[in-house]
Each structure stands twice: as structure tokens, then as C-alpha cells.
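The values are calculated or read from the model by the stated rules, or taken from the named source; none is laboratory data. Predicted model, so just to flag it, every value in this text is computed and none were measured. Positions of Cβ are backbone-derived with ideal geometry, glycine not excepted, and every protein chain shown enters the neighbour counts. Heavy atoms of the whole protein, side chains included, go into the accessibility calculation; ligands, DNA and RNA do not. Shrake-Rupley method; radii C 1.70, N 1.55, O 1.52, S 1.80 Å.
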Amino acid sequence: MEILRQKVVIRAIVERHRRILLLRRHGGRPSIAGLYELPGGSLHRGEQPIDALKRSLQIHAGIFPESIRLCDVVSFIDPDDRELQYVFIIYEVSLPENASRVTLDDEYDHYVWKSLLDIQHMMITNSTATLLSMNAKQNDYSGITLDNSKNDDKNTTITIYSDGGSRGNPGPSAAAFIIMDKNGSIVAQGGKFLGQNNSGMAEYIGVELALQKAIELGVKVVEFYSDSLMVVNQLNGLFTVKNREFCSIHDRIIRLIAQFQRVNFRHIHREYNRMADGLVNKILDENE
């Protein structure tokens, strides 16, 4: 089975007076040439993300951050290469009040400071639209959208909660998921008794079952929540899958992710995953 390639990229949301810094690419492949994007760059082997951020901001924009705060980690499938998954590490950056003007290198030919309301989808790259839309939601900028997709059921974001558990680890195991629409109504739920298994595999199977159901429903954008930090970090590309037992199902899930426009995996504490957890325990109780 061919494994999806991954590339880790650092991006900065540099904001001043409620305006965000965007850089226009001088070249590149046709789908991004001449479009604006958030400043940043690729993570080099052995390099820490914050060091990569500082290096990229200095090289590409000639700016030096005053403060840096981790904002989010997002996976994104490249529409030009469905075998390539980008993992974006996003930081919020502030600049000193006396910071000098932006100085661009050869990769960019123009920069702008734009408020979210003034940013049009057609002027920015697809990945930038994804990152800025998420930032708008997190900061509760109501009414802001950067996506020009048609407003139908297949492009509406759904929310998935999945869980998996084992009584004994290994022991009797089960996986379950809950799929909700934008109004918080349950549109689908399901689960499976797994027999003798371990909790890690159960967590992975919960994700796999949920994505299979989401594909069946025809949705393209998913906000996915799990209380397994291991699974979330491995699917976001932050952790390597070292346990050979998980390699096969991890690869299957990556292939499922490639069928969506976007899947964002986020870690939550167990107390916020009670519905999926309750469904797991119900399945286990029924199969005792």
C-alpha cells in the first residue's frame, strides 16, 4: 500500500491593529502563483518549530517577533497532489510597536495588511483560506467566511466525536463514534464490539469507523475530536507511528482522509467526549 507523504509547514498569523499580514507569491506552481498566503516556511530536519518560524519570518519578511503563541495544528491535503498531506503548525505573532516595514525576499513580490472581513477567497491560497477560517471561528468573528464553496450539505462542516476502550487492556474492547451537524444534532452514530483487543487499537478503529460513515454521508469537511492524544498527534503527523500493530490502520485512515476536502483532528479531555464514551461502554455492557 502506498503511504501518503507528509510535509510539516510553519505559518504565522501576524496581526497588527486587527489586520493580518499576507505575502504574495512571486512564482510557484500555477495554483498558488500570484496568490497571497500567511508568512512562514517548511520545517527542516532536526529543527524546532519556533526556530523555523523565526527563521522564516526573518528571511521572507525581514521581521522579528515580539511574542509567539501556539495557535493550532492542522492537516491539509494538497489539491494538486492528493498523495501529499501538509501538517500546518500555526502561531499567533505580535511585532514590536517600533518594528520597521516588511522586507520581502525573492519568493514574494508584494505584501498587504488586511482585516479578515476584507480578505477575499480568490486572492489567497486554499491552505491560507482554511487556516484563516479556523482562526476566525476560534476568535468568534461571527459572520466571517473565506470559503466560496456552495452552501450545500456536502460542503457543510460536520463534527465527529470518537472513542475506543478496553476492559483489561488487552481485554474486551469496543469503538464508537457520534456525528453531529452544525446545529449540534446527531445525524449518525455507530460502533463495534472488537473482542479481545487493546485500547490504542480501539481508539484507532473508532476514527476509522467514523470517517467511513462520513464518506458514506457525502460530507467533505470534518472537525474531528478524540480524547486519545496519541491518535490525534499521530494523525496530525506530530508523532511517528512506532508500534507496528498500528501501522496498517494508520495507513488506512490516512487514505480515508485523502477523500475529504479537510479533516481537522483535535484533542479533547475525556469529560468532553461523554457521548462517544457512553456508546463504547454500552456496546461493552451488551457483549459481556
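Comparison of Val263, Val221, Val280, Val232 shows that the only residue that is touching a Ser or Thr at 6+ places or on another chain (Cβ under 6 Å) and touching a residue at least 60 places away in the same chain (Cβ under 8 Å) is Val221.
Looking only at residues in segment 52-84 that are modelled with pLDDT of 85 or more and among the basic types (Lys, Arg), the one that is most open to solvent (accessible area, probe 1.4 Å) is Arg69. Residue by residue through segment 260-284, note down the ones that are open to solvent by less than 30 Å² (accessible area, probe 1.4 Å), farther than 22 Å from Pro172 by Cα and of a type outside the set (S, T, N, Q). Listed by number, the residues that qualify are Phe260, Arg262, Val263, Phe265, Ile268. Within segment 11-51, if we keep just the residues that are of a type in the set (Gly, Ala, Ser) and surrounded by fewer than 20 Cβ atoms within 10 Å (Cβ to Cβ), the residue that is farthest from Pro96 (Cα to Cα) turns out to be Ser31.
When Asp152, Asp163 are checked against the criterion of being charged (D, E, K, R) and either part of a helix (DSSP H, G or I) or modelled with pLDDT of 85 or more (or both), Asp163 stands alone in meeting it.
Residues that are closer than 28 Å to Asp227 by Cα, modelled with pLDDT of 80 or more and either in a strand (DSSP E or B) or of a type in the set (D, E, K, R) (or both) are absent from segment 126-136 altogether.
Residues in segment 178-236 that are among the β-branched types (Val, Ile, Thr), outside any strand (DSSP E or B) and open to solvent by less than 50 Å² (accessible area, probe 1.4 Å): Ile205, Val207, Val219, Val231, Val232. What's the total number of residues in segment 247-288 that are over 17 Å from Lys213 (Cβ atoms) and assigned to a helix (DSSP H, G or I)? Matching residues across segment 247-288 total 16. Scanning segment 85-111 for residues that are in contact with a Lys or Arg (Cβ under 6 Å, 6 or more places away or on another chain), of a type outside the set (D, E, K, R), modelled with pLDDT of 90 or more and open to solvent by 30 Å² or more (accessible area, probe 1.4 Å) turns up just one, His110.
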